[in-house]
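Heads up: the structure comes next, in structure tokens.
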Amino acid sequence: MSDLDATWLMEFDKALQEHLAIARHDAGITDEVARRYADLPPDEAALQYGEDYDLQRVNRDWLS
């Protein structure tokens, strides 16, 4: 994959914020890193990224 889909990137960033409370750019996730996950749906990609980098998921219950 030579280029990342802009919609996928936007949804990936949203999923990162929702599941891990991080933003792609703030976390230093470059396009090169994001390409490793681009074969997955954005939500799954964010969860896999978190697992790969041993990140804690956000507990959504306390947000409600």
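The values are calculated or read from the model by the stated rules, or taken from the named source; none is laboratory data. The model shown is predicted, which means the values in this text are computed figures rather than measured ones. Note: areas computed on protein heavy atoms with side chains; ligands, DNA, RNA excluded. Shrake-Rupley method; radii C 1.70, N 1.55, O 1.52, S 1.80 Å.
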(message) Along each principal axis of its Cα atoms, how long is the chain end to end? Whole angstroms, biggest number first, please.
(response) 40, 22, 20
(message) Can you give me the accessible area per residue for the chain, using a 1.4 Å probe, in Å²?
(response) 71 Å²
(message) Using helices alone, I'd like the mean residue ellipticity at 222 nm for the chain: each DSSP H run of four-plus residues gives -39500 (n - 2.57), total over residue count, nearest 500.
(response) -14500 deg cm²/dmol
(message) I need the phi-derived Karplus couplings for segment 28-45: 6.51 cos²θ - 1.76 cosθ + 1.60, θ = phi - 60°, integer Hz, Gly and Pro marked x.
(response) x, 7, 7, 4, 4, 5, 4, 4, 5, 10, 5, 7, 9, x, x, 5, 5, 4
